[in-house]
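Bear in mind these aren't lab numbers, they're just calculated from the coordinates by the rules spelled out. It should be emphasised that the depicted structure is a prediction, and the values quoted were computed from it without experimental measurement. Cβ sites come from the backbone with ideal geometry, for glycine too, and all protein chains shown count toward neighbours.
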Amino acid sequence: MVKHRESRPGQKSAGGLGAKPRRDMPGKPSAKPAHASRPAKPLRDAKPPRDHGERVAEPRAAAPAAAAPERPLIARTGERPPERVPVILESLGAGDFHLIDSGNGLKLEQYGPYRIVRPEAQALWPPSLAAHIWDNADAIFTGDTDEDGMGRWRFPREALGETWPLQLLGVDFLGRFTAFRHVGVFPEQIVHWAWMKEQVEAAKRPLKVLNLFGYTGVASLVAAAAGAEVTHVDASKKAIGWARENQALGRMEKLPIRWICEDAMKFILREERRGNKYDIILTDPPKFGRGPNGEVWHLFEHLPLMLDICREILSPKALGLVLTAYSIRASFYSIHELMRETMRGAGGVVESGELVIREAGLDGRTPGRALSTSLFSRWVPK
């Protein structure tokens, strides 16, 4: 279930529009549950990734070195697009995922057959459900609480394999217990993927979608299954490998997806030089990262150029440019105003705000509190 709720300027949103901790950064709960006391050994094959563009040290796409940009920003003219702010894009879950409960710096989630407990710094309130429900989870992440450190999974009921099958928006993929808290998908993005799916299915022409910092490819598979021609870019060979596994799991090998293992900025610069265009661009860059060849990405330094290039490779009949940002000490207005400046003279509208996931209870249908996850800004042609 996906809801799109808009608030008027000046109203407070459910998630709070201030500084953002790193995605899934562990908090310091006021009351630690018993399950967090003795961490188990980490998965044997879990190693700190070296690729840049990390989601809390998870492999992601690289970006350019901090040297002078390969091309200057284009001086934009014309009116800035009208705005819709703040917009709160809310998910109550979809497919095999929903947020069961949250509190005391933790969240209890349902991923297919498994109930999983992970750190969540923004869950400042007490849990709604009884402690024994939390303690009876199938997998609990604990261990190293450093922002970029490796942690451990504990399996109270029985030992579980590294991966298990999941489905979102009609796409099959693998959940995965990584050493960095993540499970192979970022469900707060469901609202963007559902929007993209609708755009592709409603279009009366073939659409080209570019997925930058594409991670394990769920968004790319959703777009391709809806009928789009997709280019997926990520600098991590491991992430590309996971994405191909997901494609094979769903028997989607014949879908038109290009899997590009490359620095994201280098790729879009080359696309600009070649004159290639895209109808929808999704980009979810990290706050900071290092690439395999010494590339360095600083979001506040490099984001303006990245968006500037993205505008240049949007097609004349483009349907959207979507930016998600997390783990930054900023209001959504920082990326909102940047997007409006970038799209000056392009018409359309820029809508910005937060992505939130609402608790859905044990049954997946009982709305509870809203948990803020990310900032976003989205340009659309109308």
>> Quick query: amide H of Tyr114 versus all other amide H atoms, modeled in the peptide plane; which residues come in under 5 Å with a sequence gap of 5 or more or a different chain?
In response: none
>> Shape verdict for the range 97-192, please, from the Cα gyration tensor: rounded (a/c under 1.5), prolate (a/b greater than b/c) or oblate.
In response: rounded
>> Give me a comma-separated list of calculated 3J(HN,Hα) values for the range 208-225, in order, Karplus coefficients 6.51, -1.76, 1.60 applied at θ = phi - 60°, integers in Hz, x for any Gly or Pro.
In response: 10, 10, 10, 10, 8, 6, x, 6, 8, x, 4, 4, 5, 5, 4, 5, 5, 5
> Rounded, prolate or oblate: which fits the range 223-279 when a ≥ b ≥ c are the square roots of the eigenvalues of the alpha-carbon gyration tensor, with rounded for a/c under 1.5 and prolate only if a/b beats b/c?
Replying inline: oblate
> When Leu282, Leu73, Leu169 are ordered from fewest to most other Cβ atoms inside 10 Å of their Cβ, what list results?
Replying inline: Leu73, Leu169, Leu282
>> To make sure I understand, if each residue's beta carbon is the centre and we count other beta carbons within 10 Å, what order do Ser220, Ser102 fall in, fewest to most?
In response: Ser102, Ser220
> If amide H atoms are built 1.01 Å from N in the plane of the peptide, which residues on other chains or at least 5 residues away come under 5 Å of the amide H of Arg152?
Replying inline: Thr142, Gly143, Asp144
> Fewest first, what order do Thr366, Thr216 take by the number of other Cβ atoms within 10 Å?
Replying inline: Thr366, Thr216
> If the limit is 31 Å between Cα atoms, which of Lys237/Lys277; Lys238/Lys317; Lys107/Lys266 go over it?
Replying inline: Lys238/Lys317; Lys107/Lys266
>> Quick query: amide H of Tyr278 versus all other amide H atoms, modeled in the peptide plane; which residues come in under 5 Å with a sequence gap of 5 or more or a different chain?
In response: Leu314, Ser315
> Between rounded, prolate and oblate, where does the range 149-294 land on the alpha carbon gyration tensor, with a ≥ b ≥ c its root eigenvalues, rounded for a/c under 1.5, else prolate if a/b exceeds b/c?
Replying inline: oblate
>> Can you tell me what share of the DSSP beta bridges in the range 284-382 is antiparallel? A percent to the nearest 5 is fine.
In response: 100 percent
